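**Q** Next up is a structure, given as structure tokens.
The values are calculated or read from the model by the stated rules, or taken from the named source; none is laboratory data. All values reported here derive from a predicted model rather than from experimental measurement. Every residue, glycine among them, receives a Cβ derived from its backbone with ideal geometry; neighbour counts consider all protein chains shown. The protein model used for the area step is the full one, side chains on, heavy atoms only, and it has no ligands, DNA or RNA in it. Shrake-Rupley method; radii C 1.70, N 1.55, O 1.52, S 1.80 Å.
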Amino acid sequence: MKVTCKIWRQESADSKGNFKSYETDGLTEDMSFLEALDHLNEILVLKNERVVAFEYDCREGICGQCGVFINGRAHGPHDHVTTCQLHMRSFKDGDTIVIEPWRANAFPILKDLMVDRSAFDRIIEQGGFITAKTGTAPEANAILISKEVSDKSMDAAACIGCGACVATCKNASAALFTSAKINHLNSLPQGRPEAHKRVLEMTQQMQLEGFGSCTYTGACEVECPAEISISNIAEMNARYLKAKLLS
Amino acid sequence: MSMFFRKSVVATTGLFLCIFLIVHLSANSLLLLPESIARSLYNSYSTTLRESTLINVVGYILYLSIILHVVYAAIITYKNRKTRSVSYAVNHKSENSSWASQNMGFLGVLVLVFIVVHMANFWARIKLGIGESVGLDTDGYVDVYQVTYDLFHNVYYVLFYSILMIPLGFHLFHGLKSAFKSLGFYHKKGLRILAKISLVYAAVMAIGFGIIPLIVYFK
Amino acid sequence: MKLNSKIPEGKLEEKWRNYQANSHLINPTNKKKLNVIVVGSGLAGAGAAATLAELGYDVQCFCYQDSARRAHSVAAQGGINAAKNYQHDGDSVWRMFYDTLKGGDFRSREANTYRLAELSAPLIDHFVQQGVPFAREYGGVLVNRSFGGVQVQRTFYARGQTGQQLLMAAYSQLYKMIRAKKVDMLPRHEMLDLVVINGKAKGIIVRDLTDGTIKRYAADAVVLATGGYSRVFRLSTLAIGCNGSAIWKAHKRGAYFAAPSFTQIHPTALPQSSDAQSKLTLMSESLRNDGRIWVPTKKDDARKANEIPEDERDYYLERRYPAFGNLAPRDIASRAAKERIDAGHGVGPLKNGVYLDFKNAIDRLGLDTIEDRYGNLFKMYRKITGINAYEKPMLISPAAHFSMGGLWVDYELMTTIPGLYAIGECNYSDHGANRLGANSLLQASIDGYFILPNTINNYLQTELAEERPNVDHPEFERVEDDVKEHIAKMMAINGSRTVDDFHRALGKVMWQECAMSRNRAGLEKAIIQIKNIKKEFWSEVKVTGSEAELNPELEKALRLADFIELAILMCVDALQREESAGAHFREEYQTKDGEALRNDADFMYVSAWEYNTGNFKLHKEELKFEYVEPTVRSYK
């Protein structure tokens, strides 16, 4: 199969970018989308051109490193998948595929389709952990956690940190990402002692990084490969208001 | 000032305005009664409201709510717009979110335009006495009914009023459920029910407010 | 150099305690003066970096990904083993030790393996404390499931994302210490060489992947936690960026490489569908708990799975290994699959898979239970293949997965270069010739959290008196020049073939000759072929762009250059080991019914290879079994 890839090319963070079209032949339906880009890059190398820089690592939908805007959707046309889980059978022969990097001022472009998502790490740095040194843990079954609580915590903990929520949000809000981590930890008894501090500090960092505020379009939960629910954002709001009132 | 504070203000004022609309619509529905009953009921009702201290206080809260709602929503929108300097060349938002949710600012502006015109026509005349003075009805009440009746027989005004109730409906549909989320209501099943309530509420308000002028016009 | 494994004195149960009681300590004020480089931010690396920082050391942590959270530990699905005996099914540290040793076909040290089992229980406590949402019963206690190669239930899990959840815990602790300004995190920095000064590891040379700058970092000790090298086969279950470069460079600077040919082929990955494929997705082994593996008894059966009647299905694992059945260890399950596929019973479009069927389990346990246990795996399967596995059996096939081999380390996890440590999958320590399922997360975590932070003092206290490491040392300059020269040479080739093209060629040879089964003729041929690939690579590879910019193609080329050299050593090792042990199956050494034939008389040792400008010299670390009698590994 043959498609035309219209790809955003940008040399570096400071340079101006623009779209370039590449006719890409020799693809098969079984190829993953990223394999199609690999294939395009091999063609470019043989034509003595610079390869398209794009992110990937595990290629099984769990590491969260891949992610581009494909034909107007974060991670492509399907709901709840990562870019690496998208296959060429989702496109038709002769299609034009527009490929753009995540766009958000908090995610500056490094090159072509690669962006810098270290803002997420800095949000985690402000409390996305339980302060417990190695060697200080009590016996695991000494803390009983009901299946419901554990499952709910796990639902939130499933976030892969890909940034699709920010990319698709009209406000480039990181509320889904931040709330997932806060709710993962704050709903567990182990995370409770520093629950208020966590929600206040992480949300403060979220704002400092230049992410917008949530207006509940719900686009994030549709694109989220880990199916993190938008109710997490509401829960974060509740935790925030409670922490603010009690501190 | 944190985004949570701003969001809470918009949500709280929004919810207050939602309650106000219920009261407002129930008053409007009086207009559907036969003229003889409607006029006196409508006028006595509006006079009672104007003369009640409590309602006057609520009135000031209402003005303040509208102002805060608009100002903070504007600040939020302004700040949110600054988060993405380069927009996507292709963006199929409709595949992952409702149109209303993507256009709350635009819808809000339309509603605001309506409110300004609406208040100029009623509130300014009746409450502030600006423009043509309003007469009294046979019971000696200020004849607000007549003001309404006249306006609702102005085809341009009726069209303006009824059409702008459509953006109001969309704004309410997304706004009501979102306000609850902003204020921290996160029960998953509850949120699903809330989404349905929002839809019903928004539909009742938009259709209710929108259809009354038409009925009065054609009556 | 004679290999000294530094196994402590005392009874097996007392060795680790004795070690800790007698090792040197460093007082907190002195710890601040010492800095440690950790390369890699997976479970081992992040765990070590965070814990060392908590202890007071000054830590610098590097990873090639954009964030520490991407490390491939994230992809482990099934779980983590621990001898908690919560299920009251007769488990114990001893039994876990024995299972691991036996699973590895008696090619690992008793003392190391025992320590792994011993520290497993506190590790679960540790992770629960850090907020890992392990699966729980309604009453609130932790749940376990069983895993391949074991008859008890000792595996803890967080849905099918155990690796992700453990890594998130480690990553969050790492960021806790970054916030405390005790760890300096450098993502998108790839180690390209090791700096050894006066025989001791003193720093590394890295490339900043965002702009190509070559930088020097000095430290009192260097810890490699860079994961496995199964991408040498190109198609594997590993992340595309996983590489063997750091350990290979360390090997070339003097660290011995142990048992490079011990690489595990996982039985339950998705079959390859085309040449362009870049990766084989793993379906967690935990699926074998409830899924039954079968192929049609008839060769080249063209019928659909559901049309094949029960009596025409060959549940070959249950048939050959009645005691363990579908839970036979990975190497055995993989080989059995290969045997059936090679015999013409393979299924799927390319006849390269076998069925993994849940019909019985769904009938027995109900759809809800199966969905609760494996829901996300079924979902993932559907995303990739478009097939609903609740209705049709899954198609699976073996794929390169884990490298038991790695840098040789002693009981302290130090390599043969003083001051250079290797932890997690990149070392050869606990798994012997085959790793049991759910022991990989365990080993990575224990190395990083519990062992290294207790053993590194022993070395570092001798360094306190030494001169502070300094990047201005002439040796740094020399190594940096080597690195720059290496890159310049590669960029200058400007040949006619892509990096991926060479990788495919290498992978084909390795998968053919050095994967599930190996033989002398094939390995000898493979060595010649790989040497040719190497020669051609260095004259024909084409890398576009420049070295002074973000250049993914150059990154791939640098990694592949090292893989090619490592592949040669893997074949050399496989050729030299004239026995079948664990994942290493030499066709010449098998029993009448096709099982591995170990040769304890001649090969009861760990092969540790020394690099000598293109040649490899074998050193043997004899394995002594004082507590366990090595038996024939039978799962029948």
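**Q** Can you say whether B:Leu214 is part of a helix (DSSP H, G or I), open to solvent by 90 Å² or more (accessible area, probe 1.4 Å), modelled with pLDDT of 95 or more and not acidic (Asp, Glu), as far as the supplied structure shows?
**A** Criteria not met by B:Leu214.
**Q** Something else about it: Considering B:Gly140, B:Gly184, which residue is within 28 Å of B:Asn103 (Cα to Cα), outside any helix (DSSP H, G or I) and open to solvent by less than 60 Å² (accessible area, probe 1.4 Å)?
**A** Result of the check over B:Gly140, B:Gly184: B:Gly184.
**Q** If you don't mind, there's one more thing I want to ask. Checking A:Tyr56 against (1) open to solvent by 10 Å² or more (accessible area, probe 1.4 Å); (2) more than 23 Å from C:Gln165 (Cβ to Cβ); (3) in a loop (DSSP other than H, G, I, E, B): exactly one of these is not met. Which one?
**A** (2)
**Q** Something else now. Would you mention how many residues in the stretch B:103-118 are closer than 24 Å to A:Ala74 by Cα and either of a type in the set (A, V, I, L, M) or within 12 Å of the chain's Cα centre (by Cα) (or both)?
**A** Qualifying residue count for the region: 1.
**Q** Pick out the one residue from A:Leu44, A:Leu27 that is in contact with a Lys or Arg (Cβ under 8 Å, 6 or more places away or on another chain), touching a residue at least 12 places away in the same chain (Cβ under 8 Å), surrounded by 14 or more Cβ atoms within 10 Å (Cβ to Cβ) and assigned to a helix (DSSP H, G or I).
**A** Being in contact with a Lys or Arg (Cβ under 8 Å, 6 or more places away or on another chain), touching a residue at least 12 places away in the same chain (Cβ under 8 Å), surrounded by 14 or more Cβ atoms within 10 Å (Cβ to Cβ) and assigned to a helix (DSSP H, G or I) holds for just one of A:Leu44, A:Leu27, which is A:Leu44.
**Q** Something else now. Quick one: count up the residues across the stretch C:296-312 that are buried (at least 16 other Cβ atoms within 10 Å of the Cβ) and touching a residue at least 24 places away in the same chain (Cβ under 8 Å).
**A** The number of residues fulfilling the criteria is 3.
**Q** Between residues in the stretch A:144-172 that are facing chain C (nearest Cβ under 7 Å) and among the basic types (Lys, Arg) and residues that are part of a loop (DSSP other than H, G, I, E, B) and open to solvent by 20 Å² or more (accessible area, probe 1.4 Å), which pairs lie under 7 Å by C-beta distance while being six or more apart or on different chains?
**A** Pairs that qualify, where the first residue is facing chain C (nearest Cβ under 7 Å) and among the basic types (Lys, Arg) and the partner is part of a loop (DSSP other than H, G, I, E, B) and open to solvent by 20 Å² or more (accessible area, probe 1.4 Å), are A:Lys147/C:Glu137; A:Lys147/C:Tyr138.
**Q** Just one of the numbered conditions (1) over 24 Å from C:Val232 (Cα atoms); (2) more than 14 Å from chain A (Cβ to nearest Cβ) is not true of C:Gly448; which one?
**A** (2)
**Q** Now for a different question. Which condition number does C:Gly212 fail, the rest of (1) more than 13 Å from chain A (Cβ to nearest Cβ); (2) surrounded by fewer than 24 Cβ atoms within 10 Å (Cβ to Cβ); (3) in contact (Cβ under 8 Å) with a residue 60 or more places away in the chain being met?
**A** For C:Gly212, the exception is condition (1).
**Q** Related question: Among (1) within 14 Å of another protein chain (Cβ to nearest Cβ); (2) over 25 Å from A:Ile230 (Cα atoms); (3) within 15 Å of the chain's Cα centre (by Cα), which single condition is B:Trp123 missing?
**A** The one condition B:Trp123 does not meet is (1).
**Q** If I filter the stretch C:92-103 down to residues being open to solvent by less than 10 Å² (accessible area, probe 1.4 Å) and at pLDDT 95 or above, which single residue comes out as nearest to the other protein chains (Cβ to nearest Cβ)?
**A** Once the filter is applied, the top-ranked residue is C:Met96.
**Q** Okay, next question. Any residue at all in the stretch A:182-189 that's more than 8 Å from chain C (Cβ to nearest Cβ) and within 21 Å of C:Lys84 (Cβ to Cβ)?
**A** yes
**Q** Oh, and also: Go through the stretch C:144-188 and count every residue that is within 9 Å of chain A (Cβ to nearest Cβ), farther than 27 Å from C:Gly56 by Cβ and assigned to a loop (DSSP other than H, G, I, E, B).
**A** The qualifying residues number 4.
**Q** For the subset of the stretch B:143-177 comprising residues that are over 18 Å from B:Phe114 (Cα atoms) and touching a Gly at 6+ places or on another chain (Cβ under 8 Å), which member is nearest to the other protein chains (Cβ to nearest Cβ)?
**A** Once the filter is applied, the top-ranked residue is B:Leu176.
**Q** Just wondering, is there one or more residues in the stretch C:231-251 that are part of a helix (DSSP H, G or I), within 14 Å of chain A (Cβ to nearest Cβ) and either of a type outside the set (Ser, Thr, Tyr) or touching a helix residue (DSSP H, G or I) at 6+ places or on another chain (Cβ under 6 Å) (or both)?
**A** yes
**Q** Can I ask one more? Of all residues in the stretch C:314-357, which are in contact with a helix residue (DSSP H, G or I) (Cβ under 9 Å, 6 or more places away or on another chain), within 15 Å of C:Lys299 (Cβ to Cβ) and charged (D, E, K, R)?
**A** Listed by number, the residues that qualify are C:Asp314, C:Glu339, C:Arg340, C:Lys351.
**Q** Still on this model: Evaluate the stretch B:86-102: report whether one residue or more is open to solvent by 80 Å² or more (accessible area, probe 1.4 Å), over 22 Å from the mean Cα position of the chain (by Cα) and in contact (Cβ under 8 Å) with a residue 40 or more places away in the chain.
**A** no
**Q** Here's something else I'd like to know. What single numbered condition from (1) assigned by TED's automatic domain parsing to the domain that holds C:Tyr374; (2) part of a loop (DSSP other than H, G, I, E, B); (3) at pLDDT 90 or above fails to hold for C:Ala276?
**A** Among (1) assigned by TED's automatic domain parsing to the domain that holds C:Tyr374; (2) part of a loop (DSSP other than H, G, I, E, B); (3) at pLDDT 90 or above, the lone unmet condition for C:Ala276 is (3).
**Q** Can you list the helices (runs of 4 or more DSSP H) found entirely within the stretch A:184-247 that contain at least 1 residues being of a type in the set (Ser, Thr, Tyr) and open to solvent by less than 20 Å² (accessible area, probe 1.4 Å)?
**A** Of the helices (runs of 4 or more DSSP H) lying wholly inside the stretch A:184-247, those with at least 1 residues that are of a type in the set (Ser, Thr, Tyr) and open to solvent by less than 20 Å² (accessible area, probe 1.4 Å) span A:195-208, A:231-246.
**Q** Which of the numbered conditions does A:Glu49 fail, given that it passes all the others? Conditions: (1) facing chain C (nearest Cβ under 7 Å); (2) touching a Lys or Arg at 6+ places or on another chain (Cβ under 7 Å); (3) surrounded by fewer than 17 Cβ atoms within 10 Å (Cβ to Cβ).
**A** The single condition A:Glu49 does not satisfy is (2).
**Q** What number of residues in the stretch C:494-519 are among the hydroxyl-bearing types (Ser, Thr, Tyr) and either out of contact with any strand residue (DSSP E or B) (no Cβ under 9 Å at 6 or more places or on another chain) or more than 15 Å from C:Lys338 (Cβ to Cβ) (or both)?
**A** Final tally of qualifying residues: 2.
**Q** Condition test on B:Val70, is it assigned to a helix (DSSP H, G or I), under 14 Å from the mean Cα position of the chain (by Cα), more than 18 Å from B:Thr13 (Cβ to Cβ) and more than 7 Å from chain A (Cβ to nearest Cβ)?
**A** Spelling it out, it is not the case that B:Val70 is assigned to a helix (DSSP H, G or I), under 14 Å from the mean Cα position of the chain (by Cα), more than 18 Å from B:Thr13 (Cβ to Cβ) and more than 7 Å from chain A (Cβ to nearest Cβ).
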